[in-house]
Amino acid sequence: MRITLMHNPKAGRGNHAKRGLMAALANAGHRAIYQSTKKSDYEKALKKPTDLVLAAGGDGTVGKVAHELIDSGIPLSVLPLGTANNLARTLGFIGSPREIIAGLEAGKRRAFDVGVARGPWGKRYFFESVGGSLLADYLRNAKGKAKKTAKLSEEQEMRQHVSLLRRILHDYPVRKWKINIDGDDISDDYILWEAMNIRSVGPALYLASQAATRDGRLDFVCVREEERSLFMEYLNARLAGRRAKFPLPLRRFRKSKIVWENSTLHFDDKLWPRKKQKAISPGEIEITVKPSALVILQPGR
């Protein structure tokens, strides 16, 4: 099989360098070409004939590559080399890179929906979630604070991020959001709201554990003031290493309209407005779904 390996050379730990990954692909009988996603011309590699694009990196790398493959019909597979790997886990890429590579030949194709957010920024695709308030501000605070070190395991890194989120939640203020979902007005004061395209977000928080990725719908998740303690207990369980179900209900939808007013938003791991960027407020946001926008090749056993 012809494979284009799109690799983030700064992602992951251990033997995940170019040479090791290319050798594993060759040993499995594949003809692979290599492209670093850190190079400015990485899009050109995705225009060459190929049977499969293999994204090796974290969620940011996967989203970066997936964006270029929307509506192309070219299958995408993932080697999860990041810390959270929310996209990879939801899509079924849970083995080691060598195990995943060994299963590509017997892989099965499946469709994957993509979220679409339209607003003052124009149009953006998102693969994990788009949301406002708490998680957006957590992402802004997390950049540069919970850094990767050789002394911490991936799980310890995740707990570090959850601990930061918990500290922010302690006295985080509610904000008024005007939100309409499939014609129903659910405007309220929210600590956070998320339109989820996959099951988990941020530091592996399973806010929509039953999310379907090819049903043409997204999952709306929110936390109000009266639900702050429940969300805190969920984070406490995560810090203690216990598996806990997110205690609040979710709602599936096809279209949402939200009025944005001077608050931080996130699209996957990207923030808007950026620092020092001014945006006209208020503004209307429309969130919809692009069904079956991507083709995913899940590895066989």
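The values are calculated or read from the model by the stated rules, or taken from the named source; none is laboratory data. Everything numeric here is computed off the predicted structure, so don't read it as measured data. Every residue, glycine as well, gets a Cβ built from its backbone with ideal geometry; the counts of neighbours run over all protein chains shown.
Quick rundown of the values:
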{"item": "Pick from region 72-96, criterion hydrophobic (A, V, I, L, M, F, W, C) and more than 23 Å from ALA17 (Cβ to Cβ), ranking: modelled with the lowest pLDDT", "result": "LEU91"}
{"item": "Matching residues in region 208-222 - criterion: being in a loop (DSSP other than H, G, I, E, B) and touching a residue at least 60 places away in the same chain (Cβ under 8 Å)", "result": "ALA211, THR213, ARG214, ASP215, GLY216, ARG217"}
{"item": "Residue within region 88-103 that is among the charged types (D, E, K, R) and touching a strand residue (DSSP E or B) at 6+ places or on another chain (Cβ under 7 Å) present", "result": "no"}
{"item": "Long-range neighbours under 9 Å by Cβ, at least six apart or interchain, first residue without any contact (Cβ under 8 Å) to a residue 12 or more places away in the chain within region 36-51, second acidic (Asp, Glu)", "result": "LYS47/GLU68"}
{"item": "Of the criteria (1) at pLDDT 95 or above; (2) within 28 Å of VAL130 (Cα to Cα), which one ALA28 fails", "result": "(2)"}
{"item": "Residues (buried (at least 16 other Cβ atoms within 10 Å of the Cβ) and of a type outside the set (A, V, I, L, M, F, W, C)) located in region 209-223", "result": "THR213, ARG217, ASP219"}
{"item": "Matching residues, region 260-283, being over 20 Å from the mean Cα position of the chain (by Cα) and more than 14 Å from VAL130 (Cα to Cα)", "result": "GLU261, ASN262, LYS275, LYS276, GLN277, LYS278, ALA279, ILE280, SER281, PRO282, GLY283"}
{"item": "Selection status of ALA244, in the same structural domain as VAL162 (by TED's automatic domain parsing) and surrounded by 19 or more Cβ atoms within 10 Å (Cβ to Cβ)", "result": "no"}
{"item": "Count of residues meeting criterion [crowded, with 21+ Cβ neighbours inside 10 Å and either within 10 Å of ASP269 (Cβ to Cβ) or out of contact with any Lys or Arg (no Cβ under 7 Å at 6 or more places or on another chain) (or both)] in region 122-135", "result": "9"}
{"item": "Residue in region 97-108 that is more than 20 Å from the chain's Cα centre (by Cα), surrounded by fewer than 23 Cβ atoms within 10 Å (Cβ to Cβ), farther than 24 Å from SER292 by Cβ and aliphatic (A, V, I, L, M) present", "result": "yes"}
{"item": "Cross-chain or 6+ apart pairs with Cβ under 6 Å, region 89-116 first and over 25 Å from ARG31 (Cβ atoms), then surrounded by fewer than 16 Cβ atoms within 10 Å (Cβ to Cβ)", "result": "ALA111/ARG214; ALA111/SER292; ASP113/ARG214; ASP113/PRO291; VAL114/LYS290; VAL116/LYS290"}
